[in-house]
Every structure is written in structure tokens, then in C-alpha cells.
Amino acid sequence: MADGARSTGESRAERINRELIELLNEIRVGLPGVQFLFAFLLIVPFQQAATKTTEFQRGVYYVALVAAAVASILLIAPAAQHRVLFRQHDKESLLQRSSRSAFAGLMVLIVAISAALLLVLDVFFGRGLAWGTSAAIAALLVWWWAVVPLWHRAHNEQEELHG
């Protein structure tokens, strides 16, 4: 059964509706964290200590701020598109675009989290510890948010082909 809808008893339209609802709910989980990070980064320049930053820290701040903005855009896009395209009878395309947007948003969020961590750790603990810790966190995020799910996806697709 190539179509998972047959095994669950739901129609193609029902499956697409369910998957779209699941995707939008998943985004609701991560979005507050992205918005909080973005808000934090927006107020940093207005703090007194911001005038004592190095060129490196300003560069890292720029990367973190822009990445948080892009992650917010990509993670909010599915809800915005869903609202604009409401009742246009093209939910499958919306689901595919939204899924790609959410995944891209998570990948950019890895950059934002890692850069924000690098910035804060550089200020308080020095560049060496900052780079090591942020690289480890970035690797952990890439591993759990991308590598593991993509490996499982590929493994499941191979099983479907051979099973």
C-alpha cells in the first residue's frame, strides 16, 4: 500500500487536512521560542554594554539577528499562506510549501540559536569556549532536527520500496 491513506481509512483529502493541521500545530510549538530570541536580539543594541562590543561580536550579532528574522518569516509563512489561500482548494500544494518553509525555518533557527549563543558566550567566557560550545550545540541541533529525521525518512522509504 503505497498510499498511507488506505491503511488508516482516511481519504486523500482527509490525510492532507490532517497533515496540514499537524504541521501548523508543530510550528506553534517552536514559534514562541523564535519570537523570544528575536525580541531579545532586538533590544541588545539599546543596552549600555552594547557600546563595548568588539567587531567580531557585532558581526555575530548581525548574523544572529538576521537569522532570527528569517527563521520567524519562514516559520510564520505557512500560517500566513494558509490564511491567504483559505478555501482555494489547493491544500496539497500549500502543505508541500509549508513543510519546506517550516524545515528551512528550523535550519535557519539553528544558525540564530548558535550565533546568539556564540555572542553571549564570547562576551562572558571568551572566544575559545564560545566557539566550542556553540559548535557543539549547532551540531546537536543539526543532528536531532535534520540528520536523524532525514535518515529515518530515507530508511522508511527504502523499506516501503523493498517491503
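The lone criterion from (1) surrounded by fewer than 13 Cβ atoms within 10 Å (Cβ to Cβ); (2) within 17 Å of the chain's Cα centre (by Cα) left unmet by PHE86 is number (2). Restricting region 73-83 to residues that are surrounded by fewer than 19 Cβ atoms within 10 Å (Cβ to Cβ) and within 11 Å of the chain's Cα centre (by Cα), which is nearest to LEU41 (Cα to Cα)? Applying the filter and picking the extreme gives ILE73.
Here is a yes/no grid of residues against (1) more than 20 Å from LEU74 (Cβ to Cβ); (2) hydrophobic (A, V, I, L, M, F, W, C):
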site	(1), (2)
GLY132	yes, no
ALA135	yes, yes
PRO149	no, no
GLN158	yes, no
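Flag set for ALA130, criterion: touching an Asp or Glu at 6+ places or on another chain (Cβ under 6 Å) and at pLDDT 90 or above.
Within region 106-130, residues that are buried (at least 23 other Cβ atoms within 10 Å of the Cβ) reach partners that are of a type in the set (Phe, Trp, Tyr) with beta carbons closer than 7 Å, at six or more positions or on different chains, in the pairs LEU118/TRP131; LEU119/TYR61. The residue of region 81-114 that is modelled with the highest pLDDT, among those that are over 24 Å from LEU150 (Cα atoms) and in a helix (DSSP H, G or I), is GLN81. When only residues in region 13-71 that are charged (D, E, K, R) and under 19 Å from the mean Cα position of the chain (by Cα) count, which is nearest to ARG97 (Cα to Cα)? Out of the qualifying residues, it is GLU19.
Here region 14-72 is the region considered, the condition is being of a type in the set (Ser, Thr, Tyr) and part of a helix (DSSP H, G or I), and the residue that is surrounded by the fewest Cβ atoms within 10 Å (Cβ to Cβ) is THR51.
Only residues that are hydrophobic (A, V, I, L, M, F, W, C), crowded, with 17+ Cβ neighbours inside 10 Å and closer than 20 Å to TYR62 by Cα: list them for region 131-163, please.
Residue satisfying the conditions is ALA138 alone.
The values are calculated or read from the model by the stated rules, or taken from the named source; none is laboratory data. No experiment lies behind these values; they were computed from the predicted model shown. No Cβ is skipped: glycine too gets one built from the backbone with ideal geometry, and neighbour counts run over all protein chains shown.
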